[in-house]
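Q: Pasting in a structure now, in structure tokens, and then I'll have a few things to ask.
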Amino acid sequence: MNKTYILIITIFTIIISAVSCKDQKTYADYLKEETKAIDEFIVKNNLNILSKFPSNGVFGDKDFYKDPESKVYYNIVEYGDTTDIIFLGEKVFVRFMGLKYFMVDDSATYTNNDNINPQEINYIGPVNSSTRSYYTVPGWAVPLPRVGHNAIVKMIVPFNMGSSTERSQYQATYYDRIEYRFESKVNQ
């Protein structure tokens, strides 16, 4: 009797587990949803996606370069002061406006311009698999090798290049304006 009872409980547990796992999304499911949402965002906003960085560096208002490594899309609105390139260890202050979570039904836009202190990142080099985890929002660091102090960009950031919250909630984001200020230039 005892063995029969244990067998029935085991079979019941396996059936419950199989049914509940069936309803959970996989990481691949989230990636498919994100790809679809980004594609729809691109079409809805009539964006032109560039597979090659513009040879003259000039972006049209609707042109976004898709970085092949990170899959981050960005448009350089203003290059800022590019007389000195960014160096390893440079502290960069980030201000943003027009942050949208377009994969959910949320029409709100967010900004950090109201905060006393901007977000900070320490530049440790181009974003790749070994440096990505050192950035608060890895996507923000992607255009840094190409821009200078006071640069302004627009960005579409896939969730795996977003903040820890965006990664945990599988939410891609759009930034209408990100401004970079290099600490070495701010204090001059």
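Q: Based on alpha-carbon positions alone, could you give the equivalent ellipsoid semi-axes of region 26-186 from the gyration tensor, as √(5λ), descending, whole Å?
A: Each semi-axis is √(5λ); the values are 24, 18, 16 Å.
Q: Describe numerically, in nm with one decimal, the distance between label points set 7 Å from Cα along Cα→Cβ at residue 130 and at residue 93.
A: 3.2 nm
Q: Only Cα pairs within less than 10 Å get springs; with that Gaussian network setup on the chain, which residue of 49, 152, 38 has the largest fluctuation?
A: Among 49, 152, 38, the largest GNM mean-square fluctuation belongs to 49.
Q: Name the residues of region 127-153 whose amide N is less than 15 Å from a point 7 angstrom out from the Cα of residue 115 along the C-beta direction?
A: 135-141
Q: Same structure again: Name the most mobile residue of 115, 56, 160, meaning the one with the largest mean-square fluctuation, in a Gaussian network model of the chain with Cα contacts below 10 Å.
A: Residue with maximal mean-square fluctuation among 115, 56, 160: 56.
Q: Then there is this: Of 49, 142, 35, which is farthest on the positive side of the dipole of the chain, counting Cα position, with +1 on Lys and Arg Cβ, -1 on Asp and Glu Cβ, and the Cα centre as origin?
A: So the residue furthest toward the plus end is 35.
Q: Given the options 60, 162, 148, state which has the largest fluctuation in a GNM of the chain using a 10 Å cut-off (strictly under) for Cα springs.
A: Of 60, 162, 148, the most mobile in the Gaussian network model is 60.
Any read-out appearing in this document is the output of simple, stated calculations on the displayed coordinates, not a laboratory observation. In this text the structure is predicted, and so the values were computed from the model without any measurement. Cβ atoms come from the backbone with ideal geometry, glycine included; neighbour counts cover every protein chain shown.
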